[in-house]
Amino acid sequence: MHITQQNVTSTLFNKLSTHYGSQNWWPATTPFEMALGAILTQSTNWNNASKALANLEKRGLLSPSAIDEIPHGRLSIIIRPSGYYNVKATRLKAFANHICDSYGDDFESYLRRPIDVLRKELLSVKGIGKETADAIILYAGNKAIFIIDEYTKRLFSRIGQGPANEIYDHWQTFFHINVPRITEVYNEYHALIVEHCKISCNSKPKCDTCFLSGECQTGKQILSQS
């Protein structure tokens, strides 16, 4: 039987889903809270970002206008648990100001634009790159766009799938071609990849306990040498 890339991506999704179950991402009450989380989790783990979000929630700072109006110095102290807090305070305020300029606190209306328009605007905000923009579009905007991160490239490169380079757009095109463009599927697939890479497919892979090692090029190679 000829195994196509589409077969592999679909089979992998099914196996990850069966093994880990529903991930119920993204953990947030509102779309704007989710967007703040996407910025706060840059260069850190979710545990640290969630502490910063909790601090914002306690102080009633989960709206564009609240973030826009709070002084930078105070905001940086509040989000200190997320790390790089001065840089992230600048990014949060730039993002909030961008929203407030045209939509005030109506972030949901901002998210209703077509994906290409929304993505272009998000990428115009200093500190929001492709991965963060796509996370906001997928999880806050509920629109089908595949997020590419280091976990995704690591897992698929080890399996032997995907582009033979690190270019974000090439990887995203690979998934857009081989995975049906369904928001719920993209939402869950990304979450499952992250979960698997945290548990098994670490920077130093735990192939001996990984349930995918039998069909993974890297896993087969490592286990054959043990």
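Each reported figure results from applying straightforward, stated rules to the coordinates on display, with no laboratory input. The structure presented is a predicted model; accordingly, all values stated were derived computationally and were not measured. Reconstructed Cβ throughout: ideal geometry from the backbone, glycine too, with neighbour counts over all protein chains shown.
Could you compute the net charge surrounding L111? Neighbours are other residues with a C-beta less than 12 Å from the C-beta of L111; K and R count +1, D and E count -1.
Working: positive: R112, R113, R119, K143; negative: D106, E108, E121.
That works out to +1.
Under a point-charge model restricted to the Cβ atoms of Lys and Arg (+1) and Asp and Glu (-1), what is the dipole moment magnitude of the range 31-140 relative to its Cα centre, in debye to the nearest 20? Intermediate results must be reported in sequence, preceding the final value.
Working: 14 positive and 12 negative charges, 88 e Å.
That gives a dipole near 420 debye.
Helix 183-199 against the longest principal axis of the chain: what's the angle in degrees, Cα atoms only, rounded to the nearest 10?
Between the helix axis and the principal axis of the chain, the angle is about 70 degrees.
Could you please state, rounded to a whole Å, how far the C-alpha centre of the range 199-225 is from the C-alpha centre of the range 184-198?
The two parts, judged by their Cα centres, are 18 Å apart.
For the pair R59 and D116, how long in nm is the line joining their label points, each one 7 Å along Cα→Cβ?
About 4.1 nm separates the two model spin labels.
Between H19 and I77, what is the spin-label point distance in nm, taking each point 7 Å from the Cα along the Cα→C-beta axis?
Output for this residue pair reads 4.6 nm.
What full-extension length gain, to one decimal in nm, is calculated for I167 and T44 as 0.36 nm per residue of separation minus the Cα-Cα distance?
Once the chain is fully extended between I167 and T44, it gains 42.1 nm.
May I ask you to derive the relative contact order of the range 54-124, considering only C-alpha pairs under 8 Å and at least 6 residues apart, and to give it as an integer percent? Kindly include the intermediate steps, with their values, before the conclusion.
Numbers: 49 pairs, mean separation 21.1, N = 71.
It rounds to 30 percent for the range 54-124.
Pairs of Cα atoms under 8 Å, at least six residues apart: use those to get the relative contact order of the chain, whole percent.
20 percent
For the chain, which cysteines have no second Cys with its Cβ under 4.7 Å from theirs?
If one checks each Cβ against the other cysteines of the chain, C100, C207, C210, C216 turn up with nothing under 4.7 Å.
Specify the inter-centroid distance of the range 8-32 and the range 88-106, based on alpha-carbon positions, in whole Å.
About 29 Å separates the Cα centre of the range 8-32 from the one of the range 88-106.
Using only the Cα atoms of the chain, build the gyration tensor, take square roots of its eigenvalues as a ≥ b ≥ c, and label the shape rounded, prolate or oblate: rounded if a/c is under 1.5, else prolate if a/b is larger than b/c, else oblate. Numbers along the way, then the final one.
Details: a/c = 2.43, a/b = 1.77, b/c = 1.37.
Judged from the Cα gyration tensor, the chain comes out prolate (a/c at least 1.5, a/b above b/c).
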